[in-house]
Amino acid sequence: MKEVEIRVRQKEGMAILEVEGELDFSNVEQLQQEIQRRPEEVVEIDLQGLRFIDSSGAGMLLSQARHLYRQGRTLRIVRIPDHIREDLEVIGFFRVLEVLKTNPHA
């Protein structure tokens, strides 16, 4: 099983989840549960330490974004390493994120 490490920091009304390692189908649930546990209005996912993400990781982030937007909350994904940003762009991740932002029930 691939290793993923999640550190949680908090600052006024916001939870920051720092994700390190590799995010794939074998451990994606770990991050999903951490996101769902947060009561804060803004959940920020910091991917600076991420080395790899597969489609199940990307899909989970999108479904959590939709879930939070429906509640009037926000999921932000920040500090994405270039090689991961490229992979996410290829699958249309950011386009879907924009659509969810404007229409959470899409």
Can you find, within region 48-58, the residue that is surrounded by the most Cβ atoms within 10 Å (Cβ to Cβ) among those that are of a type outside the set (S, T, N, Q) and either outside any strand (DSSP E or B) or at positive phi (or both)? GLY57
Part of a loop (DSSP other than H, G, I, E, B), modelled with pLDDT of 95 or more, of a type in the set (Val, Ile, Thr) and open to solvent by less than 20 Å² (accessible area, probe 1.4 Å): which single residue out of ILE84, ILE80, ILE45 fits that description? ILE80
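Tell me the residue from LEU61, LEU100 that is open to solvent by less than 40 Å² (accessible area, probe 1.4 Å), under 13 Å from the mean Cα position of the chain (by Cα) and either under 16 Å from VAL8 (Cα atoms) or of a type outside the set (Phe, Trp, Tyr) (or both), please. Outline the logic, then answer.
Values: LEU100 fails: under 13 Å from the mean Cα position of the chain (by Cα).
Residue meeting the stated conditions: LEU61.
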Here the residues within region 3-42 that are in contact with a Gly (Cβ under 7 Å, 6 or more places away or on another chain), surrounded by 13 or more Cβ atoms within 10 Å (Cβ to Cβ) and assigned to a loop (DSSP other than H, G, I, E, B) are ASP24, GLU40, GLU41
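Kindly check whether there is at least one residue in region 70-91 that is in contact (Cβ under 8 Å) with a residue 40 or more places away in the chain and under 22 Å from ARG7 (Cβ atoms).
Yes, because at least one residue in region 70-91 is in contact (Cβ under 8 Å) with a residue 40 or more places away in the chain and under 22 Å from ARG7 (Cβ atoms).
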Within the bounds of region 64-74, is there any residue that is touching a helix residue (DSSP H, G or I) at 6+ places or on another chain (Cβ under 8 Å), more than 15 Å from PRO104 (Cα to Cα) and open to solvent by 30 Å² or more (accessible area, probe 1.4 Å)? no
State whether the residues of region 32-41 include one that is in contact with a strand residue (DSSP E or B) (Cβ under 6 Å, 6 or more places away or on another chain) and under 19 Å from GLU98 (Cα atoms). no
With respect to GLU34, determine if the residue is in contact (Cβ under 8 Å) with a residue 24 or more places away in the chain and in contact with an Asp or Glu (Cβ under 6 Å, 6 or more places away or on another chain). no
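The values are calculated or read from the model by the stated rules, or taken from the named source; none is laboratory data. Remember, predicted model here, so these are calculated numbers, not experimental data. Don't worry about glycine lacking a Cβ; one is built from the backbone with ideal geometry, like all the others, and counts go over all protein chains shown. Areas reflect the complete protein model, heavy atoms only, side chains present, ligands, DNA and RNA absent. Shrake-Rupley method; radii C 1.70, N 1.55, O 1.52, S 1.80 Å.
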